[in-house]
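The values are calculated or read from the model by the stated rules, or taken from the named source; none is laboratory data. Since this is a predicted model, take the numbers as computed values, not measurements. Every residue, glycine as well, gets a Cβ built from its backbone with ideal geometry; the counts of neighbours run over all protein chains shown. Areas reflect the complete protein model, heavy atoms only, side chains present, ligands, DNA and RNA absent. Shrake-Rupley method; radii C 1.70, N 1.55, O 1.52, S 1.80 Å.
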Amino acid sequence: MELLYDAPHNYIWKKEIAGEVYYIHRKGACCAGGCGEMEGTEFAYYGEPVMIPGSMGSSSYLLRGLGNPDALWSASHGAGRKKSRGDAIKGNDEEFRRFMERFHIITPIDPARGDLKGRTDILKKWEESIRAEAPYAYKDIDGVIEVHKGHDMAAPVARMEPIFTVKS
């Protein structure tokens with residue numbers, strides 16, 4: 001596949017503000033520069049592309065940065081956790097079962113393989129890794145997007161629905 005855009009979310013960015021140089025450490029955030037910050041690039045008329053993924057199984061968004069200096073020209077990198085991984089692993093069995101029935105997850109381990117039927121240790125670890133990232137472990141993505149809109153950080157361009165998730 002051809003890479004269209006890459007948005008790292010753990011880095012240090014050098015920015016001059018009012019004649020002084022600052023180093024902005026983004027951890028779990030991405031750039032959301034507006035048209036001014038994107039001058040001279042292919043994004044000068046729209047603002048910087050911002051990708052905010054939801055959980056596996058929920059929507060993700062493509063937005064355009066609005067260059068809000070109060071937000072340090074940044075946006076969230078994702079929906080954010082509602083539950084810790086440990087709490088999500090102990091999550092609601094019925095909710096997890098419904099999620100697994102309606103969503104496709106591709107992993108290196110196929111739990112339906114015959115040679116894994118007796119390997120409860122492997123199957124338990126596999127299920128825990130899926131439970132830790134299940135949709136109920138994350139905040140509602142639509143609410144996160146509303147915060148970005150309401151604080152002039154980024155504006156939605158497209159809402160994307162997942163077909164499947166590849167989890168390594």
Q.
Cβ-Cβ under 7 Å, sequence separation 6+ or interchain: first residue in the range 107-123 and under 18 Å from Thr165 (Cα atoms), partner part of a loop (DSSP other than H, G, I, E, B) and open to solvent by 80 Å² or more (accessible area, probe 1.4 Å). Which pairs?
A. Pro108/Ser168
Q | Among the candidates Glu161, Glu128, Glu101, Glu146, residue that is in contact with a helix residue (DSSP H, G or I) (Cβ under 7 Å, 6 or more places away or on another chain) and either of a type outside the set (Val, Ile, Thr) or modelled with pLDDT under 90 (or both) | A | Glu128
Q. Which of the following residues is small (Gly, Ala, Ser), at pLDDT 90 or above and closer than 30 Å to His104 by Cα: Ser60, Ser74?
A. Ser60
Q) Residue check: is Ile12 modelled with pLDDT under 95, surrounded by 14 or more Cβ atoms within 10 Å (Cβ to Cβ), aliphatic (A, V, I, L, M) and touching a strand residue (DSSP E or B) at 6+ places or on another chain (Cβ under 6 Å)? A) no
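Restricting to the range 23-42, and then to whatever is open to solvent by less than 100 Å² (accessible area, probe 1.4 Å) and free of Cβ contacts under 8 Å to residues at least 12 places away in the same chain, can you tell me which residue is nearest to Thr165 (Cα to Cα)?
Taking the candidates together, the pick is Thr41.
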(Q) Checking Gly67 against (1) over 17 Å from Gly57 (Cβ atoms); (2) open to solvent by 60 Å² or more (accessible area, probe 1.4 Å); (3) outside any helix (DSSP H, G or I): exactly one of these is not met. Which one? (A) (2)
Q: Please name all residue pairs, on different chains or six or more residues apart, with Cβ atoms under 6 Å, provided the first residue is in the range 87-105 and is in contact (Cβ under 8 Å) with a residue 40 or more places away in the chain and the second residue is open to solvent by 80 Å² or more (accessible area, probe 1.4 Å) and assigned to a strand (DSSP E or B).
A: His104/Phe164
Q.
I'd like the residue in the range 124-140 that is touching a residue at least 40 places away in the same chain (Cβ under 8 Å) and of a type outside the set (A, V, I, L, M) and, out of all such residues, is nearest to Arg81 (Cα to Cα).
A. Tyr138
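Matching residues to (1) charged (D, E, K, R); (2) surrounded by 11 or more Cβ atoms within 10 Å (Cβ to Cβ):
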position: Arg85; (1), (2): yes, yes
position: Ile89; (1), (2): no, yes
position: Glu94; (1), (2): yes, no
position: Arg97; (1), (2): yes, no
position: Phe103; (1), (2): no, yes
position: Ala112; (1), (2): no, no
position: Thr120; (1), (2): no, no
Q: Please report, ordered by residue number, the helices (runs of 4 or more DSSP H) entirely within the range 72-168 with at least 3 residues that are over 18 Å from Pro53 (Cα atoms) and out of contact with any Asp or Glu (no Cβ under 9 Å at 6 or more places or on another chain).
A: 93-102, 120-131
